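Okay, so here's the structure we're looking at.
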């Protein structure tokens with residue numbers, strides 16, 4: 001669902017190549033989405049087959065074929081439906097480390113702490129990326145700025161949680 005929503009949302013802006021969509025996801029949505037950009041062409045092919053997007057060929061540089069994808073009327077309807085479903089979702093944020101931490105007594109202390117330290121470094125990098133974006137806040141629409149701030153707050157909360165769980169493991 002998320003893959004379709006992202007691709008259709010991007011194509012609402014303008015017809016684009018798979019490469020353009022992939023770069024957008026990496027640059028702008030990396031913190032928000034778990035979509036693997038290696039699989040973008042799989043999703044494009046599937047969505048084209050389903051009729052939500054269409055592909056046209058355009059000659060690229062050095063006579064290479066380049067495909068541009070655009071959203072179809074069916075894709076427009078699907079985009080709206082996916083947005084409505086997501087906005088009404090009762091799904092709460094789920095953080096992947098919750099389940100292993102529930103079973104903490106069965107994990108090796110040293111390994112768990114080492115992996116949580118790696119996670120803390122990832123969180124710090126993600127926060128750094130968000131801080132950079134927040135400094136450029138004038139380049140974003142109000143809802144986008146709020147989304148950035150929301151994720152920054154989530155990262156702060158997770159960072160605090162990871163620090164607390166490391167302390168609990170040490171004492172355990």
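Fewest first, what order do 2, 166 take by the number of other Cβ atoms within 10 Å?
Working: 2 13, 166 16.
The most exposed by this proxy come first: 2, 166.
What percentages make up the Cα-Cα pair-distance distribution of the chain when the bins are 5 Å wide from 0?
1, 7, 13, 15, 15, 14, 12, 10, 7, 4, 2, 1, 0
Where does the chain land at 222 nm, in deg cm²/dmol rounded to the nearest 500, when only DSSP H runs of n ≥ 4 count, each adding -39500 (n - 2.57), divided by all residues? Please list the in-between numbers first.
Values: 7 runs with 111 residues, N = 172.
After summing the helix terms and dividing by residue count, I get -21500 deg cm²/dmol.
What percent does the relative contact order of the chain come to when contacts are Cα pairs within less than 8 Å and at least six residues apart? Please list the in-between numbers first.
Numbers: 118 pairs, mean separation 33.4, N = 172.
Across the chain, relative contact order equals 19 percent.
Would any residue of the range 129-172 have its amide N under 17 Å from a label point 7 Å out along Cα→Cβ of residue 109? List them or say none.
What the label zone holds, given the 17 Å backbone N cut-off, is 164-172.
For 43, 150, which order do you get if you count the other beta carbons within 10 Å of each Cβ and list the fewest first?
Working: 43 18, 150 12.
Lowest to highest Cβ neighbour count: 150, 43.
Which FRET efficiency value, to the nearest 0.05, is calculated for residue 121 and residue 49 with the Förster distance at 25 angstrom and r the Cβ-Cβ distance? The partial results should precede the final answer.
On the way: r = 40 Å, r/R0 = 1.62.
For R0 = 25 Å, the calculated efficiency reads 0.05.
What FRET efficiency comes out for residue 66 versus residue 157 if R0 is 25 angstrom and r is the Cβ-Cβ distance? Round to the nearest 0.05. Can you show the working numbers first?
Values: r = 43 Å, r/R0 = 1.72.
In this case the efficiency is close to 0.05.
Values quoted throughout were computed directly from the atomic coordinates according to the rules given, and no laboratory measurement underlies them. Predicted model, so just to flag it, every value in this text is computed and none were measured. Cβ sites come from the backbone with ideal geometry, for glycine too, and all protein chains shown count toward neighbours.
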